[in-house]
Every structure is written in structure tokens, then in C-alpha cells.
Amino acid sequence: VSYTRLALQGDVDGKPVTGEAWLDHQWGGQGWVFGAKKKERILGWDWLGIQFDDERELLLMVHRDLKEKMTLCQYAALVNKDGAVCLHKDVTLTPTAWWTSPHTDTCYPVEWHIAIPSLQLSLDFQPLALDQEIPMLPPIRAIWEGAGRVSGVMAGTAITGWARLELHGHAYLIDLPRHLDGKIRNLRKHLENVLPRQFTQHDIQRLAGMN
């Protein structure tokens, strides 16, 4: 359930503030992250919530099978100024730039191009900051949830707005051996930056702290 434009008021550092808020609540059990009878299918999703500057909102969802790297469903919901909602399934979300987390080594698609032919919509999302990763407990490890801006064209008219991108499943420990191999490669790389390939007497004395 999404309440896409709520009145917001309060105090920050003792000063009154007002604005608009987005409340989003997701119900359900493990069916969001596990599928099939034996729960062998591992699921994730990419989600965008957009507040356009013309007071319309757009929600986009792509649900994925992470092991098979297959899209299970995708759709968009456009909320008009009067609150009416229109569902569109001719959605294409294409990542255009990636960011690798220094904390989890996860590569996230943080910039996107969105196309919805039925809306004559061509839109680009860019994050306000790259590191908007949120740590979680294994096997999820982390999710990327961050603020950004969108700009593009809808039905021949330029359109801009604020957006929030949610990337769930990119940091999953789906393949533990592959994950450990990556950790070993990174460790080896760091060691090679510190330790020489061939040791001299000077290197031994330097590393051992001997004069």
C-alpha cells in the first residue's frame, strides 16, 4: 500500500518544518523472497517510487528470480492528480550505471532508464549519492535504498521529480563458494599492495619493526 503524497510538519533542531511525505507499507510472508514449493527459488526486486513536480506519482516494480536472472513480473502504476490509478505493464527498466560497495563488494545498478510506451514516457533516474547501502543480516547482507532525481519526457512534455530507488536481492549470498572466491581475490589484491613479491633483508627488518 502506498500513500504517495502526505502532508508533513514538525520540528528539526527546534525550527518548524513542513513538506510532503511518502508512506509505503509492504505486507506478506516469505513469498516475497522465496518461491516454488520447496522455496528453492530466491527472489528479489527493483522498485522505484516517483513524485513528479506536476503532482502526479509513478510506482514501478520488477520482481526477479535471482538464481536464474529472470524477470517474473514488472508493472507501473501512475497516480493522477485526482488520485485515480492507471496500471501499465509495458515497462522497460534498463540500468545505465553501477556502483560497487566498499563494504560488501556488491555491484548495484544505481542509475536507470525507464520507458513506458503507453504513457509515451522516457525517464532517467540518478541517485543523489552513491553510497546509500543499508547493512542487513546474512544471507541478505545489505540492500540499497536511496533518494534521487528523475528527468525526461512524457507525452511530449518535459517532466522532472524526486524519487526513491530500492534494490533488494543484489547482495544476497546465493552462491557461497563464489562469494568466498571474491573475498579471497580482494584479500590477495590488498596483500600484494602491501607485501613485496620477493623479500629482501631490508623488507624483513621493516615489516618486523627491527632497526
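The values are calculated or read from the model by the stated rules, or taken from the named source; none is laboratory data. Please read all numbers here as calculations on a predicted model, not as lab measurements. Note: ideal-geometry Cβ built from the backbone for every residue, glycine included; neighbour counts use all protein chains shown. With ligands, DNA and RNA removed, areas are computed over all heavy atoms of the protein, side chains included. Shrake-Rupley method; radii C 1.70, N 1.55, O 1.52, S 1.80 Å.
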Need pairs with beta-carbon distance below 7 Å; first residue under 28 Å from residue 159 (Cα atoms) and open to solvent by less than 20 Å² (accessible area, probe 1.4 Å) and within segment 52-72, second assigned to a loop (DSSP other than H, G, I, E, B) and of a type outside the set (Ser, Thr, Tyr); sequence gap 6+ or separate chains. 60/91
Counting only strands (runs of 3 or more DSSP E) entirely within segment 18-81, those with at least 1 residues that are modelled with pLDDT of 85 or more and charged (D, E, K, R) are 41-52, 57-65
Could you please let me know if residue 206 is open to solvent by 60 Å² or more (accessible area, probe 1.4 Å), under 20 Å from residue 102 (Cβ atoms), in a helix (DSSP H, G or I) and modelled with pLDDT under 95? no
In segment 2-20, residue farthest from the chain's Cα centre (by Cα) [restricted to those that are among the hydroxyl-bearing types (Ser, Thr, Tyr) and open to solvent by 70 Å² or more (accessible area, probe 1.4 Å)]: 18
Tell me, please, whether a residue that is under 27 Å from residue 87 (Cβ atoms) and of a type in the set (Asp, Glu) can be found in segment 106-114. yes
